[in-house]
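Reading through the structure tokens given below for one structure.
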């Protein structure tokens, strides 16, 4: 994977998440996929310490079902509007695996929120790291780690799929 392929992959992922095309997003993941958003410390062992999110592919699929198909995602009715910006992309790759690092800036607009001080917009800057593996015809995410800049501070309810 070269830099332009990495940039294209991250751009497609951001668009799928912003469009809430979560089934297509899940199709970008390998069977052993792990999604991790640490809390308090960026490198604490998630099997021992709390995390905002630490899910495997099956758990992500269940979350997507609840959001998209179950009708039970009341905290996101109506759904948040999000916009993700991806920058500072780095790619380290060989023929079968690639590590992507980037910075992201996620804006979330909550319709009907009572927050008047910031026009109902939450901002989540983060550093991300991905492990991608080459499959027969594409690259798939084996791991996604999102380290929020405010990981040790107060966070609003993150009820949207990050």
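Numbers for the structure displayed
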item: Length-normalised contact order for the chain - Cα pairs under 8 Å, 6+ apart - percent; result: 26 percent
item: Length added when fully stretched, residue 49-residue 101, from 0.36 nm per residue minus Cα-Cα; result: 16.4 nm
item: Most fluctuating residue given options 103, 81, 120, as computed from a GNM of the chain linking Cα atoms under 10 Å; result: 120
item: Residue with peak Gaussian network fluctuation, the chain [Cα springs, cutoff 10 Å], from 69, 108, 59; result: 69
item: Share antiparallel - DSSP beta bridges, the chain, percent rounded to 5; result: 90 percent
item: Cut-off 17 Å, label 7 Å out along Cα→Cβ of residue 111, residues of the stretch 1-38 by amide N; result: 18-21
item: Inter-probe distance in nm under a simple model that places probes 7 Å from Cα toward Cβ, at residue 152 and residue 137; result: 4.7 nm
item: Ranking of 158, 141 by count of other Cβ atoms within 10 Å, fewest first; result: 158, 141
item: Alpha-carbon spread of the chain, three principal axes, descending order, Å; result: 50, 34, 33
item: Folded to 0 to 90 degrees: helix 57-68 orientation relative to the chain principal axis, Cα; result: 40 degrees
item: Ellipticity estimate at 222 nm from DSSP helix runs (n ≥ 4, -39,500 (n - 2.57)) divided over the chain, nearest 500; result: -6000 deg cm²/dmol
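Each reported figure results from applying straightforward, stated rules to the coordinates on display, with no laboratory input. What you see is a predicted model; the values in this text were computed from it and never measured. In this analysis, Cβ positions are derived from the backbone assuming ideal geometry, glycine residues included, and neighbour counts consider all displayed protein chains.
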